[in-house]
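Peer 1: Below: one structure in structure tokens.
Read the figures in this text as sums done on the coordinates, not as results from a lab. The structure displayed is predicted, hence computed values, not measured ones. When we count neighbours, we look across all protein chains shown, and the Cβ atoms used for this are built from the backbone with ideal geometry, even at glycine.
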Amino acid sequence: MNTTVFIIAEGLKNVWRHKSSAVSSVFSIYLTLIVAGSLLIVSQNTNKLIEYLREKYKIEVFFKDGVTEDRVVELSEEFKKLNGVRSITVISKKDAEKIFKSQFGDDILNLLGYNPLPVSCVINLKKDWPSKIELQPIISNLKKFREVDEVNHQGKLISRIENYYESFLKIMIGVVSFALIIAVFIISNTVRLTVYSKRDLIKSLQLIGATKSLIKAPFLIEGIVHGFMATVLAVYTLLGALEFSKYIVYDLTKFNIIYDQILILQLLLGLSIIVGVIGSNRAISKFLK
């Protein structure tokens, strides 16, 4: 217990003794966490938008003349087995006639004397797809059925959105990774100042047989404290900005911003601890070599 108290006390003293350098360290982690938290929030809400679009997204399959409705029902069961298909709605010739009348206001039987509209089905895709939907395999498999005459789809919009989303994620992950590396270096330099100021004490501890773990521990605590302080600032900043902006965004777009406070806290705290430990360990390990 005495050793634990000593380690924690020394770590806190280190933070207090080098307040000015600690500020730059905390601020660098703070900026990194703001970027990481913003990425998480944008990612969650973009996923929500993509899932909404996927829910509305449909593929229309038209069958050749002479294909019976019973056969179309059988084919629809085969279509359900295709990867990415959520549900299928069969549209009979009579249903197609009603749709035509509701959209154009005319009865096709009165116009032509017969119903030329084909039997068709509407395929709804899964909205909770783990990655970008690949439409081409689905379309290719549908066209393999000899009863299928035509397959209509408008996949360019959602494919473009998903491509932009993937590109955005890659760029933001790169930015966060770069910011994390910079934060590690800044923490390392900050802790190194403490190490140099205590080099005589460290050598004395080594002479009396103190383990490397015991010597490192106070400096690791120092880095973790920097990360914790940055986490508190970043969480309050993000949540404050979200609470302020979500009502404005909803009034303008009717889009409700979603976010998980616990997930944000866990992510930012985890990142800050990792950065603090790596930066501190890097500083003290070089000195102990």
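Peer 1: Between Ile161 and Asp149, what length comes free when the chain is fully extended (0.36 nm per residue of separation minus the Cα-Cα distance, one decimal in nm)?
Peer 2: Working: separation 12, 0.36 × 12 = 4.32 nm, distance 2.91 nm.
Result for the pair: 1.4 nm of gain on full extension.
Peer 1: Sort Met172, Met229 so the one with the fewest other Cβ atoms within 10 Å of its own Cβ comes first.
Peer 2: Working: Met172 17, Met229 20.
The fewest-first ordering by Cβ neighbours comes to Met172, Met229.
Peer 1: Moving on to the next point. Rank these for me by crowding, Leu33, Leu265, going from fewest to most other beta carbons within 10 Å. Write out the running numbers ahead of the final one.
Peer 2: On the way: Leu33 29, Leu265 17.
Exposure proxy ranking, most exposed first: Leu265, Leu33.
Peer 1: Something else about it: I want the local charge near Thr89. Using Cβ-Cβ distances under 12 Å, sum +1 for each Lys or Arg and -1 for each Asp or Glu among the other residues.
Peer 2: Working: positive: Lys58, Lys80, Arg86; negative: Glu60, Asp95.
Around Thr89, the surrounding residues sum to +1.
Peer 1: Anything over 23 Å Cα to Cα? Flag those among Lys101/Lys126; Lys94/Lys144; Lys58/Lys101; Lys56/Lys98; Lys58/Lys143, in the order listed. Each step should come with its number before you reach the end.
Peer 2: Details: Lys101/Lys126 30 Å; Lys94/Lys144 26 Å; Lys58/Lys101 21 Å; Lys56/Lys98 21 Å; Lys58/Lys143 16 Å.
Among Lys101/Lys126; Lys94/Lys144; Lys58/Lys101; Lys56/Lys98; Lys58/Lys143, the Cα-Cα distance tops 23 Å for Lys101/Lys126; Lys94/Lys144.
Peer 1: Continuing with the same structure: In whole Å, what are the extents of the stretch 31-146 along the principal axes defined by its C-alpha atoms, from largest to smallest?
Peer 2: 71, 33, 17
Peer 1: Treat each spin label as a single point 7 Å out from the Cα along the C-beta direction, and report the Ile274 to Ala241 distance in nm.
Peer 2: With each label placed 7 Å out from Cα toward Cβ, I get 2.1 nm.
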